[in-house]
Amino acid sequence: MKVHVGAAATPEEAEAIAKSLAEHLGVDVDVHIEGEETPLASAEPSEPSYPLDDDLGPTDRERDLRAEIADIREGGPEKYRDRLSEQGKLFVRDRLDLWFGGEGGTRGAGDASAADGDPAGVKFEDGKFAAFDDWHPDAPGRGDDADEDGEDDAGDGDRLPGDGLLTGAAEFEGRDVHFMANDFTVKAGSMASKGVEKFLRMQQRALKTGNPLLYLMDSSGGRIDQQTGFFANREGIGKYYYNHSMLSGAVPQICVLYGPCIAGAAYTPVFADFTVMVEDMSAMAIASPRMVEMVTGEEIDLEELGGPRVHAEESGSADLIARDEEHARELVADLIGYLPDRAGEKPPRRETKPPKFSPDGIDELIPEAPNRPYDVHDLIDRIADAESVFELKEGYGPEIVTAFCRIDGRPVGVVANQPTERSGAIFPDAAEKAAEFIWTCDAYEIPLLYLCDTPGFMAGSQVEKDAILEKGKKMIYATSSATVPKQTVVVRKAYGAGIYAMGGPAYDPESVIGLPSGEIGIMGPEAAINAVYARKLAEIDDPEERAAEEERLREEYREGIDVHRMASEVVIDEIVPPSDLRAELAARFDFYEDVQKDLPDKKHGTVL
């Protein structure tokens, strides 16, 4: 509010006028000398000090409500809560404090949620009173169930606070997120109608807000004895996975498993973009060991059926394995730093750091012999910002490394052949892993860097049975369809269809650059000579003469696939001195940051 006074007014008088009007009217006041733009004095209304003229306060009704909330926060039966420590896991509300407590821990006495002890980062919780009528002695009508002694018939085992599921919104690592967390003390975290409703509402709200979701899963599946009304309904458990599908690629979905998630509960982690399992605690399977034995006769324990090792190394369903609950939070805190809040946004940048090892060592790191191994992690550490490399699915399909990193502070998704694992040949699991990673990076606007050093897709009867063609097709499809900026480096060998899957010239990369060790060909020299000249060489009787001719043919072939020939024919864009590789990539990612790419106008492709 602007107030004008005469030119004779003093600053003290103007200040007194501003303060008086601000307090009286409850608005900001600027006092101006007539004709002057700059105020002579300004004032804001002070915060009210209660009570003003109001002597009202909480009644027994509010106190009763707070007591009910406190009771709900205690979770399920005490005996089940006591068992959690034996299982090495936290009570669900202690888990929320670990995730969202922040440096200040729980809220102080002056905060809005102090009465119910919410962690500092929890903004609000939805559905605390879900299923309240089914168990709480203060629920309307429950008084009729009391026995002659005035005791309620509902025993401790009938406690259903929140229907076993907590949902709400929180701040995590400076980001607004939706969260859900199963309460394992309530019927082993099982799902029933009210909890299902809460879960669905959280997903549907995430579609509207565009904020990430954290699923803190510890559920034994649906309550079989209460399945009517929530299993096959339009708005039942089945809708979980419909919503997961709608959310996929729209906002990041991150799931952490804290216990045995069986049957329907196991689909949330596999639908999530990223899944974290905890050692000696997590498991997921389509059916329990007892059910497996009933159906198949196979006797197996839960760890062997669906423990962390199984899903990290054999199924590929687990992206990360945590040592314990604290480590799981640390992993997700690192992970979310590479992701935007929603599709269409750029992932967050950070201040650049020099790489862990000098790029000057790249040339010496790469052996001249195509089949001699080296660890591609050592190459990545000379390209990426220090302490920024974050690998996913490390134990699955290890012939390809998939990792996030930062180059000059910018998040980048790295797809790199690993020469220490079967010479970097692409096997079915590796192709599948790479396809999913490329697809995820593309969904969340994370640029892609391909580090190609592969003899191509693996051949043989076993890999055919393992669907090398199908899974290889998915990797090539993902590379073809990705519209984020892509840079490809021919590090050493790029043979066969491997160069296609690894973002070669035909796959619309922004650049294909080579190191002086690079080669691009249908196959390597040894295989080519065997395929083309085997009969000619066999006709040479003298072993020394035959060896000399074989060496001559090998060198002649290598000249034709050398990276210099590829650059001369403009197959690739540039040959880069290895010491300059990091700087070259940083410049190219920066230049192409906002590149626009269009896909054909169609509903969708047919490759899944």
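The values are calculated or read from the model by the stated rules, or taken from the named source; none is laboratory data. If you're wondering where the values come from, they're calculated on a predicted model, not measured in any experiment. All Cβ positions, even for glycine, are placed from backbone atoms using ideal geometry, and neighbour counts span all protein chains on display. SASA here: full protein model, heavy atoms, side chains in, ligands and nucleic acids out. Shrake-Rupley method; radii C 1.70, N 1.55, O 1.52, S 1.80 Å.
Say we look at segment 521-550 and pick out the residues that are surrounded by 12 or more Cβ atoms within 10 Å (Cβ to Cβ) and among the acidic types (Asp, Glu); which of these is farthest from the chain's Cα centre (by Cα)? Filtering segment 521-550 for residues that are surrounded by 12 or more Cβ atoms within 10 Å (Cβ to Cβ) and among the acidic types (Asp, Glu), the one farthest from the chain's Cα centre (by Cα) comes out as Glu549.
Filtered by the rule that a residue be within 13 Å of Gly521 (Cβ to Cβ), within 42 Å of the chain's Cα centre (by Cα) and either without any contact (Cβ under 8 Å) to a residue 24 or more places away in the chain or open to solvent by 50 Å² or more (accessible area, probe 1.4 Å) (or both), segment 551-568 gives a lone residue, Arg565. Quick check on Thr483: is it β-branched (Val, Ile, Thr), surrounded by fewer than 19 Cβ atoms within 10 Å (Cβ to Cβ) and in contact (Cβ under 8 Å) with a residue 12 or more places away in the chain? Taking the combined requirement at face value, the residue satisfies it. The conditions of being hydroxyl-bearing (Ser, Thr, Tyr), open to solvent by 20 Å² or more (accessible area, probe 1.4 Å) and over 19 Å from Gly503 (Cβ atoms) are not met by Ser388. Restricting the search to strands (runs of 3 or more DSSP E) fully inside segment 1-92 and requiring at least 1 residues that are without any contact (Cβ under 8 Å) to a residue 24 or more places away in the chain and either at positive phi or touching a strand residue (DSSP E or B) at 6+ places or on another chain (Cβ under 7 Å) (or both) gives an empty result.
When Ala318, Ala333 are checked against the criterion of being farther than 25 Å from Ala431 by Cα, within 13 Å of the chain's Cα centre (by Cα), of a type outside the set (Lys, Arg) and at pLDDT 95 or above, Ala333 stands alone in meeting it. When the criteria are applied in full, Ala328 fails the requirement of being open to solvent by less than 20 Å² (accessible area, probe 1.4 Å), among the small types (Gly, Ala, Ser) and touching a helix residue (DSSP H, G or I) at 6+ places or on another chain (Cβ under 6 Å).
Go over the candidates Ser282, Ser288 one by one and state the one that is open to solvent by less than 50 Å² (accessible area, probe 1.4 Å), among the polar types (S, T, N, Q) and under 21 Å from the mean Cα position of the chain (by Cα). If you could, list the steps in order and put the result at the bottom.
On the way: Ser288 fails: under 21 Å from the mean Cα position of the chain (by Cα).
The match here is Ser282.
The number of residues in segment 399-456 that are among the β-branched types (Val, Ile, Thr), under 17 Å from the mean Cα position of the chain (by Cα) and open to solvent by 10 Å² or more (accessible area, probe 1.4 Å) comes to 1. Among the residues making up segment 353-368, those that are part of a loop (DSSP other than H, G, I, E, B) and exposed (fewer than 15 other Cβ atoms within 10 Å of the Cβ) are Lys353, Pro354, Ser358, Pro367, Glu368.
Among the candidates Arg66, Arg81, Arg61, the residue that is modelled with pLDDT of 90 or more, in contact with a helix residue (DSSP H, G or I) (Cβ under 6 Å, 6 or more places away or on another chain) and basic (Lys, Arg) is uniquely Arg66. The one condition from (1) at pLDDT 90 or above; (2) open to solvent by 60 Å² or more (accessible area, probe 1.4 Å); (3) over 30 Å from the mean Cα position of the chain (by Cα) that Phe124 does not meet is (3).
Looking only at residues of segment 500-518 that are open to solvent by 10 Å² or more (accessible area, probe 1.4 Å) and in contact with a Phe, Trp or Tyr (Cβ under 9 Å, 6 or more places away or on another chain), we find that the one that is nearest to Val571 (Cα to Cα) is Ala506.
The conditions of being at pLDDT below 95 and either farther than 20 Å from Trp99 by Cα or under 20 Å from the mean Cα position of the chain (by Cα) (or both) are not met by Thr275.
Checking Gly102, Gly117 one by one, the residue that is closer than 21 Å to Leu165 by Cβ and at pLDDT below 85 is Gly117 and no other.
Could you name every one of the strands (runs of 3 or more DSSP E) located completely within segment 390-472 that has at least 1 residues being more than 23 Å from Pro212 (Cα to Cα), modelled with pLDDT of 95 or more and not charged (D, E, K, R)? Even if it seems obvious, please write down each step before you answer.
Values: elements: 390-392, 400-407, 410-417, 448-454.
Output list reads 400-407, 410-417, 448-454.
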